[in-house]
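Chemist: This is the structure I want to talk about, given as structure tokens.
The numbers here are math on the coordinates, done by the rules we state, and not lab data. Since the model is a prediction, treat every value here as computed from it, not as a measurement. Heads up, the Cβs are rebuilt from the backbone with ideal geometry, glycines too, and the neighbour counts pull from every protein chain shown.
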């Protein structure tokens with residue numbers, strides 16, 4: 001592995017990305033997210049030696065939204081292993097992340113864990129294992145990000161819960177097929193709360209380094225997942241992690257990634273580093289416009305991807 005001057009590369013990206021910052025629209029269907037300025041941009045890389053490289057607003061906290069689905073899945077997979085796949089699939093959906101279209105045809109089994117329906121089933125699994133699933137997930141995220149101060153944005157959680165009619169419809173529909181085991185209201189409460197966890201781009205880049213390190217935390221060697229499971233989760237990120245733009249994202253960027261409508265995208269460069277970029281203005285599929293372009297620039301400038 002050749003040494004890479006990540007700071008110089010990030011500085012280059014930060015200069016070149018300026019005209020793209022703010023292009024698109026911030027998520028407005030959650031009222032609190034609509035208040036976030038589209039002018040933010042932050043990017044961080046944390047390598048497996050613990051070195052941090054950052055530009056812009058990399059140390060500003062933001063609502064991680066659907067990136068929490070990756071951590072919920074990791075925790076559930078750690079607890080239950082392949083039993084997860086009895087209740088949620090592993091295929092791209094080809095539909096928006098909040099679509100109900102396939103649920104009836106496929107008997108209440110969501111296509112993958114990263115669309116809303118799938119994340120609700122994963123949250124339901126955590127609700128079965130923990131009295132307060134959102135708090136258990138928060139503690140897990142604090143551990144893998146090496147930051148005990150990470151918390152919730154209560155205003156975002158409340159705003160999201162108050163506008164969760166579509167998620168409620170999905171949850172009730174899946175419960176009618178027997179694929180939700182806990183009360184719908186409890187699952188929705190936990191789901192909306194964990195989507196409202198706030199982190200910085202630096203926190204998030206560090207939190208995914210275990211996937212770049214074969215499933216183990218780089219700073220102490222603790223296994224979060226075994227190597228095979230880490231590989232499988234990375235594969236799901238590549239094929240399903242950026243909503244129904246996953247194919248185009250893989251074509252342009254070539255890294256496993258998970259996005260959220262808060263404007264964050266985490267990515268993994270296996271054997272090297274965790275990456276996070278945050279820019280709140282989204283393109284039509286719900287991914288950060290400037291963030292996607294910045295990650296494409298990164299793989300072009302470094303010549304590094306999984307391909």
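Chemist: How tilted is helix 289-302 with respect to the longest principal axis of the chain? Cα atoms for both, answer in degrees (0 to 90, nearest 10).
Modeler: Taking the Cα atoms of the chain, the angle to 289-302 is about 50 degrees.
Chemist: On C-alpha positions alone, give me the angle between the axis of helix 6-17 and the longest principal axis of the chain, in degrees, nearest 10.
Modeler: 80
Chemist: Tilt of helix 133-145 relative to the longest C-alpha principal axis of the chain, in degrees (0 to 90, nearest 10)?
Modeler: Compared with the principal axis, the helix lies near 20 degrees.
Chemist: Report, in whole Å, the centroid distance computed from the Cα atoms of the stretch 121-138 and the stretch 14-46.
Modeler: So the separation of the two Cα centres works out to 30 Å.
Chemist: Identify which of 105, 90, 161 has the largest mean-square fluctuation in a Gaussian network model of the chain, with springs joining Cα atoms closer than 10 Å.
Modeler: 105
Chemist: Another question, then. Answer rounded, prolate or oblate for the stretch 118-169, using the Cα gyration tensor with square roots of eigenvalues a ≥ b ≥ c: rounded when a/c is under 1.5, else prolate when a/b is larger than b/c, else oblate.
Modeler: oblate
Chemist: Which of the peptides 131-137, 260-266 is most tightly packed, and how do the rest follow, judged by the mean count of other Cβ atoms within 10 Å per residue? Spell out each step's value before the answer.
Modeler: Details: 131-137: 18.4, 260-266: 27.9.
Top of the packing list down: 260-266, 131-137.
Chemist: For the stretch 41-124, what is the relative contact order in percent, using Cα pairs closer than 8 Å and at least 6 residues apart in sequence?
Modeler: Reported as a whole number, the value is 24 percent.
Chemist: Another question, then. By the gyration tensor of its Cα atoms, with a ≥ b ≥ c the square roots of the eigenvalues, what is the shape of the stretch 59-100: rounded for a/c under 1.5, prolate for a/b over b/c, or oblate? Display every interim value, and only then the final one.
Modeler: Details: a/c = 3.40, a/b = 1.24, b/c = 2.74.
It comes out oblate by the Cα gyration axes.
Chemist: Let's test the formula: R0 of 41 Å, r as the Cβ-Cβ distance of residue 52 and residue 166. What FRET efficiency results, to the nearest 0.05?
Modeler: Values: r = 38 Å, r/R0 = 0.92.
Using R0 = 41 Å, I get an efficiency of 0.60.
Chemist: Something else: Please build a GNM for the chain, connecting alpha carbons under 10 Å apart, and tell me which residue among 287, 147, 51 fluctuates the most.
Modeler: 51
Chemist: Further question on the same structure: Rounded, prolate or oblate: which fits the stretch 187-307 when a ≥ b ≥ c are the square roots of the eigenvalues of the alpha-carbon gyration tensor, with rounded for a/c under 1.5 and prolate only if a/b beats b/c?
Modeler: Numbers: a/c = 1.55, a/b = 1.09, b/c = 1.43.
Verdict is oblate for the stretch 187-307.
Chemist: Right, next: Starting with the fewest neighbours, write out 194, 49, 146 ranked by other beta-carbon atoms found within 10 Å of each beta-carbon.
Modeler: Values: 194 26, 49 8, 146 17.
Sorted ascending by nearby Cβ count, the order is 49, 146, 194.
Chemist: I would also like to ask the following. For the residues 189, 16, what sequence is obtained by ranking on other C-beta atoms within 10 Å, fewest first? Show your work: numbers first, answer last.
Modeler: Numbers: 189 19, 16 13.
With the fewest neighbours first, 189, 16 line up as 16, 189.
Chemist: Can you give the calculated 222 nm mean residue ellipticity of the chain, where each DSSP H run of n ≥ 4 adds -39,500 (n - 2.57) and the sum is split over every residue, rounded to the nearest 500 deg cm²/dmol? Could you put the intermediate results ahead of the total?
Modeler: Details: 13 runs with 137 residues, N = 307.
Counting only the DSSP helices, I get -13500 deg cm²/dmol.
Chemist: Averaging sequence separations of C-alpha pairs under 8 Å and six or more residues apart, then dividing by the length of the chain, give the relative contact order as a whole percent. If you can, show how the numbers build up before the last one.
Modeler: Details: 649 pairs, mean separation 85.4, N = 307.
Relative contact order of the chain: 28 percent.
Chemist: Could you sort the peptides 73-79, 200-206 by per-residue average Cβ neighbour count (10 Å cutoff), highest mean leading? Mind showing how you got there, number by number?
Modeler: Numbers: 73-79: 21.9, 200-206: 27.3.
For the peptides 73-79, 200-206, the packing ranking is 200-206, 73-79.
Chemist: Taking neighbour Cβ counts within 10 Å as the exposure measure, how do 29, 14 sort from fewest upward?
Modeler: Values: 29 12, 14 19.
In increasing order of surrounding Cβ atoms, one gets 29, 14.
Chemist: I'd like the distance separating the alpha-carbon centroids of the stretch 167-181 and the stretch 48-75, in whole Å.
Modeler: One Cα centre to the other: 30 Å.
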